[in-house]
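Asker: One structure is given below, represented as structure tokens, and several questions about it will come after.
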Amino acid sequence: VSQSRYFHCFRNRVPLSPEQQQWLSQHNSIRVGVMAAWHPVEFVDEDGQFKGVTQDVLQLLNRRLGTNLTPVPYQSWQELVKDFAEAKLDVVANMADNPARREVAIFSENFWPFQWAIVGNSQAVSINSLQDLAGQVVALEKDYDIVPLLQQKYPQIRLQLTDNFQESMQLLADGKVRYIIDSYRDWE
């Protein structure tokens with residue numbers, strides 16, 4: 001690997017400001033809120049072990065920072081956010097930035113934006129724009145940041161808000177919704 005590559009200097013440690021180093025030295029264990037069933041990003045496997053991309057990143061950061069970033073899995077996003085607001089968690093691994101959340105959190109740069117997908121049942125027609133969903137019942141997880149945007153910009157879409165991807169899929173399978181909007185990672 002070339003010595004001039006950008007990440008070469010971060011291979012063994014992450015450069016931190018003196019203030020950041022001091023904060024880390026005062027926190028032996030850092031509780032990180034994660035989701036227990038958000039495959040492949042973060043999940044608890046059949047053996048009860050936390051796995052996924054987030055775990056890989058946490059392990060890498062622990063090595064490079066000399067920290068103990070400890071994942072705390074949640075079944076409910078609402079419960080995770082509540083515990084974070086009540087300081088029962090120090091960090092949330094994957095939370096989108098929005099004005100309301102800025103009241104209780106400081107955000108890093110967005111480093112892995114998700115693509116969105118629209119999937120329909122066998123009677124679905126091709127969708128070329130969100131306007132094509134006018135009048136259709138569409139399942140969407142209630143905690144996604146795009147919910148308020150869709151409600152505001154596309155009020156003619158009849159959103160059926162769900163707790164999780166599995167619930168959205170069941171509604172689609174049962175014919176109770178015509179489409180699902182979800183992050184592309186769920187369809188991979």
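The values are calculated or read from the model by the stated rules, or taken from the named source; none is laboratory data. Computed from a predicted model, the values in this text were never measured in an experiment. Cβ atoms come from the backbone with ideal geometry, glycine included; neighbour counts cover every protein chain shown. The accessibility values were calculated without ligands, DNA or RNA, using every heavy atom of the protein model including side chains. Shrake-Rupley method; radii C 1.70, N 1.55, O 1.52, S 1.80 Å.
Asker: To the nearest 10 degrees, how steeply does helix 53-65 sit against the main Cα axis of the chain, on a 0 to 90 scale?
Answerer: 20 degrees
Asker: Give me the lysines in straight-line cross-link reach of Lys88: C-alpha distance below 29 Å, same-chain residues under 8 apart excluded.
Answerer: Partners within reach: Lys51, Lys142.
Asker: Of the beta bridges DSSP finds with both residues in the chain, what % are antiparallel, to the nearest 5?
Answerer: Details: 9 of 24 bridges.
About 40 percent, rounded to the nearest 5.
Asker: Let me ask something else. Out of Tyr144, Gly175, Val32, whose Cα points farthest toward the positive end of the dipole of the chain (charges: +1 Lys, Arg; -1 Asp, Glu; placed on Cβ)?
Answerer: Val32
Asker: If a/c stays under 1.5 just call it rounded; otherwise compare a/b with b/c (prolate if a/b is bigger, oblate if not). Do that for segment 78-188, with a ≥ b ≥ c from the square roots of the Cα gyration tensor eigenvalues.
Answerer: Working: a/c = 2.16, a/b = 1.95, b/c = 1.11.
It is prolate, given that a/c is not under 1.5 and a/b is the larger ratio.
Asker: If you don't mind, there's one more thing I want to ask. Of the DSSP beta bridges with both residues in segment 101-188, give the percent that are antiparallel, rounding to the nearest 5. Could the numbers behind the result be given before it?
Answerer: Working: 5 of 12 bridges.
Counting only bridges with both partners in segment 101-188, antiparallel ones make up about 40 percent.
Asker: Continuing with this model, one more query. Which residue, chosen from Thr70, Asn94, Asn128, occupies the Cα position most advanced towards the positive end of the dipole of segment 52-141, where the dipole is computed from +1 (Lys, Arg) and -1 (Asp, Glu) charges on Cβ about the Cα centre?
Answerer: Going by the charge dipole, the pick is Thr70.
Asker: Of the trypsin sites (Lys or Arg not before Pro) in segment 142-174, which ones lie in a loop per DSSP and count no more than 15 other C-beta atoms within 10 Å?
Answerer: Filter output for segment 142-174: Lys142.
Asker: Please identify the chymotrypsin sites (Phe, Trp or Tyr not before Pro) of segment 109-157 that satisfy two criteria: DSSP loop assignment and at most 10 other Cβ atoms within 10 Å. Which are they? Write down the numbers at each step before the final one.
Answerer: Values: sites: Phe111, Phe114, Trp116, Tyr144; in loops: Phe111, Phe114, Tyr144.
Loop-located and lightly packed - Phe111.
Asker: Contour minus end-to-end for Leu65 and Gln21, with contour as 0.36 nm per residue of separation and end-to-end as the Cα-Cα distance? The partial results should precede the final answer.
Answerer: Values: separation 44, 0.36 × 44 = 15.84 nm, distance 0.90 nm.
Taking 0.36 nm per residue and subtracting the Cα distance, the gain is 14.9 nm.
Asker: Could I ask something else about it? Assigning unit charges at the beta carbon (Lys, Arg +1; Asp, Glu -1) and nothing else, what dipole magnitude in debye, to the nearest 20, does the chain show about its Cα centre? Mind showing how you got there, number by number?
Answerer: Values: 17 positive and 23 negative charges, 111 e Å.
Dipole size: approximately 540 debye.
Asker: Determine the relative contact order of the chain: mean sequence separation of Cα pairs under 8 Å and six or more apart, normalised by residue count, in whole percent. Don't skip to the end; give the middle numbers.
Answerer: On the way: 238 pairs, mean separation 35.0, N = 188.
Relative contact order for the chain comes out at 19 percent.
Asker: Sticking with this structure for a sec: Which order do you get for Asp47, Asp163 if you rank them by accessible area with a 1.4 Å probe, largest at the top? Please report the intermediate quantities before stating the final value.
Answerer: Values: Asp47 115, Asp163 85 Å².
Heavy-atom accessible area, descending, gives Asp47, Asp163.
Asker: Taking segment 29-122, which trypsin sites (Lys or Arg not before Pro) meet the DSSP loop condition and have no more than 10 other C-beta atoms within 10 Å? Intermediate results must be reported in sequence, preceding the final value.
Answerer: Values: sites: Arg31, Lys51, Arg63, Arg64, Lys82, Lys88, Arg101, Arg102; in loops: Lys88.
Nothing satisfies the criteria.
Asker: Also, quick follow-up: Calculated from DSSP H runs of 4 or more alone, at -39500 (n - 2.57) each and per residue, what is the 222 nm mean residue ellipticity of the chain, nearest 500? It would help to have the intermediate numbers written out before the result.
Answerer: On the way: 5 runs with 47 residues, N = 188.
Mean residue ellipticity, 222 nm, calculated: -7000 deg cm²/dmol.
Asker: Please work out the average accessible area per residue across the chain, using the 1.4 Å probe convention, and give it in Å².
Answerer: Working: 12170 Å² over 188 residues.
Spelled out: the 1.4 Å probe surface of the chain, per residue, equals 65 Å².
Asker: Could you check how much of the accessible area of the chain is carbon and sulfur, as a whole percent, using a 1.4 Å probe?
Answerer: C and S atoms contribute 50 percent here.
Asker: Using Cα positions and a limit of under 20 Å, work out the aspartates and glutamates in reach of Lys82, with same-chain residues fewer than 8 apart set aside.
Answerer: Lys82 reaches Glu42, Asp90, Asp97, Glu103, Glu141, Asp143, Asp145, Asp163.
Asker: Right, another one. To the nearest 0.05, how large is the calculated FRET efficiency for Lys153 and Lys51 if R₀ is 35 Å and r is the Cβ-Cβ distance?
Answerer: On the way: r = 36 Å, r/R0 = 1.04.
E(calc), rounded to 0.05, equals 0.45.
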